[in-house]
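Every number in this text was worked out from the coordinates using simple rules, so none of it is lab data. In this text the structure is predicted, and so the values were computed from the model without any measurement. With ideal geometry, Cβ positions are generated from the backbone for all residues, glycine too; neighbour counts draw on all protein chains shown.
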Amino acid sequence: MTVPSKIGKYDVIRVLGRGGMGTVYHCIDPDLQRFVAVKVLNQTGKKADALYPLRMRFLREAFTTAQLQHPAIPPVYDVGKDETGHVFYVMKPIEGIPLSDIIDSLKEDSEEARDKYDIFRLVQILSGVCQAIQYAHNKGFIHRDLKPSNIFVGNYGDVYVIDWGLTKVLKDYAGQDKFSKLKQLKEKFDIGPEIKIPAPDLTHTIAIDDVAKTKDYNSGDLSKTVIIEDSLPTREISADEMSRSKTLLLDDTVKTLLPRIEYNRKNTLTASGKILGTLSYMAPEQAVGANELGKETDIYALGVILYELLTFELPVSGDSLKEVVGQKLDGSILLPEVKSPGRNIPPELSAIAMQAMDPDPGKRFKSAKELNDALEFWFEGKSLFRPAVNNEIDRKDFIMIPKGSDAYWGIDENTIFAVSPGEDVGGDAADRYLIFKNEFIGDIYYSMSFITYPHEESRDTISEFAIMLNTSIPKPWKGFLDGYSIHFGAGGNTRAALCRHGVEIFSNEYLTIEPRKKYHLEVELTGQLIKVSLNRQIILFFKDSSPCTGTQLGFMHLGPGLMFSDIKVRTRGLPGKVSALDVPEALMAEGCYEAAGKSFMSIAQGHRNRFLGAWALYKAGMASYLLDHDFAKAAAFWKALRKGPFAPFEKLGEASIELENGHHLNAIKIINGIILGAKTASNLEPIADTVFEQAQQSLRNKPHSEEEWKVIDGWARLALRFGERFPNRQTMTPSILWRWMLLALIEYPNHLSDCIMFLRKVFGEGKGSFAEIVTTIEPLMIILRRSTRMSDHAFLVGKVMRLLLNYDDNLGNLETLVRFYLNSGHVKMAEKISKHIYELCEKHECEVPPFPITLLACKAWISNSPEAKHLIETMISRSSDWGVTDGKLLLGLDSYRNGKKEEAFKCWEEITNDKEAISFNRHLAAKGLLGRLSPDPVKAGVPNRSDHRLLYCLFVGYRHFLDWESSGSKESFDTAAQLFKTALKIMRPSYDIYSANDIFLRIPMQKMKIAPPPKAIEPLSKEEIDWIESLTKAALDSKPEEFHRTTSSIRISTSTRENQKLSTFSPPPPSEEKN
């Protein structure tokens, strides 16, 4: 065949390759003086009726490739028609070889190929293909003909996906008219004048199968197969072949496996005469001629390619089309390691290939990115989560502890019930646990569905319950399990909390579990990260730098009325790549101290003057001591650490030996010396791990002697010191601080004053008369005693801790007292302090915090006070955040009560579209006030946050209350009564003003004569009242520079909530001053 000297403007150098569809020439672009590849459509010997679809496919390939601008897709520079009428397009020349040639070389056991293309390089190549395919999918295209011969590996590590001639637009992108220019190109290059056929629908597949639908074309012999690709031709299955497999296509099993395929005999057998693709790499739905194909089609082909890279064999083979397609539909594919047992195939890669080739598209990877992520996980020595328990579980799968716990649990058909035994079953009066017998190694994914049922005595009260993670059963039994516990329904069903060894380390203050509603819970532990999701929303997220090391999972019984179902546990197992320290650590855990010590020393010698080497030296010394309990030998290992940045590790070694011998006070003294002598926090992280571990453990125990109190007190103080230095530990600090103060208050009150003085010394002392008064020991002790009744109220406890830590902010401290006294039931005192805050803001001409002004305005409006209108206007004009939108809601209610309904509706209408209101879900309350949403907050779609649902019930209830007052309507009375009762049920101690006290409900309910009996309130002492008076006077007399300033101690009280902002989804939790 003669080689032309020019193709269009391009000078031809040589032929790069020939195929059934076209010839590729190596050329020079005369304008840009660069090498290019020019592909020319081969029209020789083709009949007129065959040219049209070939030209359209050729043009489509050029057009699609030009749109996909990705490093792994060769760019198209130009498209044209030469002097002889041949269509061509110009692209980047690829220097390399097809992946199919590489596989052939490896199959032939070529030494050069083995050296160049090990399993890591092959998977790396496939990873590049996955990235290109994901890009194409995001642009709305599927390839439909992925195979090794269409993947080129460049000479410089680059990877290319070629032959986009069978590209199809995904259904979701069909309306975007991606090929609007293709019709113009067809006309420009005079495509298809030889035969008269309708132009195909350019938003769907432009190929032979489209043309086959036309009457003129179908009049030909459909049993003939036209070869339209190069030496490894694209497989076209003729109608005759289809007819031989028609029973398979209509089989019921096929319908079950592929529910999305429409099985219509006429359409299947005749509508599209041919199926395009390469049979060995086709997905089952593609092989049987499904009308709609999705991304899963390409993912299946990627799975076949991975299978071939692992085994050098195709996953299916057979003597007939029916046999091959049948294997695909049935999933009758041998595991790669079974297919090629001598290849030493990694099981993780085998599992990835098998999942990608699942006959059910819904069970494959959801995207090429997800498949690529799995490959990258393998590169990192990790793997995908795999099932670790049977689908059906029963009693034999669990251990129930302590003795007598079996009466508290019911297990039936993969369902677990937390029940009440109904009688005294004996055993210890302790928590009851249901723990899996199996041990779970590595990262864990733990999921289940659950439903809670209310107690008999109250229709909406549910039991708290907890999930146990990374725990181990101690021998002998000590009454509780260490590890992580995730609590739901805590604080009267108002919050969720994550605990470590029984000490709360993180919480979500906005979560309410609705009785009788089914929830889906997912818990994922990956390395140091713990992520808890409820109904696909993240509710808890925490990073623990020193994760718990237990290997068991289970449940903690805290009350009856709970059902777990669909319980699944998946693990990644031990990683393929591990830290250098993991092996000696494992040896040490098994008591192989001599071998562990040698391994640690090897690491220390190989990593001198680095953290890894210094830590290994510390561990080598500990292994030596555990082997023969010779302190001098152990100390000899640490002598090399004495001078330099890792000197603290020597002292840590000494402290660890003291702990090993049970001498806690000596260990505390040594570590206290470390932190006092350290100028920076550098290299102190491992020591902080030890401190927090010991603090959490000790705070679980009630001290029985002064000596035991000193141990608890010592570890707690060290934890607070480290918490001040390490921001990543500050989420744990408030919980430790509170438990420590609570123990001092209840068990050792004579030490409380000393504890407070320690906090001032560590976190600084305030200046000025206000600071001196706010930190007076006696009133603080009174507040602490009252705080013991609010121990479940994490936010308020944090606020009280600000007073203890002398948070130097006059306004903030006063507001803390407003919240505190409102929660304790002392409404008048809370109002009094709120008025002082208002005066203070007037004096300094600044914004009024939302909490106190809302308290004053709401109380005035509910009491129908003359000053209500002014206070509401102050909320709108002088407050911020939610205070402004709540002021507008209240202003509308005020207008509504005064008969100005049009003004009220206008006010609420503005809120429905206000961005600030929407961010706090106040727009839903406005719509409820307008009557556009159901009075029921659940039916109205108010998010499952107790504070937002409470506000909705209050404000919508107020409107119906006003309707009842003005008209006496029974319907209005019933609606208001129901809303107020619902509000009472979801009310709980809170930072939120509306749930801090029932005063906003009690006044209207008293008028309706449905108010519950008042709660008993401990009266305030004269000393406490005098303290408040002097405190507010000092605040009013304070200088502007003392009015509102912060110190480093704010981190202690706010860190939990700041982190919680990052870990909760829509709607996001508000800031400290938001409602």
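Data overview
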read-out	value
For region 387-571, the fraction of alpha-carbon pairs in successive 5 Å shells from zero, as %	1, 8, 17, 22, 22, 18, 9, 2, 0
Across Lys835/Lys1007; Lys915/Lys981; Lys81/Lys168; Lys970/Lys1015; Lys396/Lys475, pairs whose alpha-carbon gap is larger than 23 Å	Lys835/Lys1007; Lys915/Lys981; Lys81/Lys168; Lys970/Lys1015
Interchain or long-range residues, amide H under 5 Å from Ile393's placed H	Asn414
For Phe506, residues with placed amide H under 5 Å, excluding near neighbours	Leu498
Length added when fully stretched, Asp974-Val583, from 0.36 nm per residue minus Cα-Cα	133.9 nm
Cross-link pairs beyond the 25 Å C-alpha cut-off, checked among Lys518/Lys939; Lys518/Lys927; Lys116/Lys295; Lys517/Lys888	Lys518/Lys927; Lys116/Lys295; Lys517/Lys888
Region 645-652 - phi-based ³J(HN,Hα) in whole Hz, Karplus 6.51/-1.76/1.60, Gly and Pro as x	x, 9, 4, x, 5, 5, 5, 4
Cα centroid of region 453-506 to Cα centroid of region 963-1011, whole Å	32
Förster radius 22 Å - calculated FRET efficiency between Ile538 and Lys369 (Cβ-Cβ, nearest 0.05)	0.65
Inter-part distance where region 932-958 and region 322-382 are each reduced to a Cα centre, Å	48
Where Rh is the Kirkwood radius over Cα pairs, Rg/Rh for region 607-726	0.98
Under 22 Å, Cα to Cα: Lys pairs in region 526-635, sequence gap 8 or more or different chains	8
Burial ordering of Asp894, Asp886, Asp319, fewest other beta-carbon atoms within 10 Å first	Asp319, Asp894, Asp886
Ranked list, fewest to most other Cβ atoms within 10 Å of each Cβ, for Trp378, Trp715	Trp378, Trp715
Dmax and Rg, reported as Rg then Dmax, of region 881-1016 (C-alpha, Å)	14.0, 43
Relative contact order [Cα under 8 Å, 6+ residues apart], region 387-571, whole percent	32
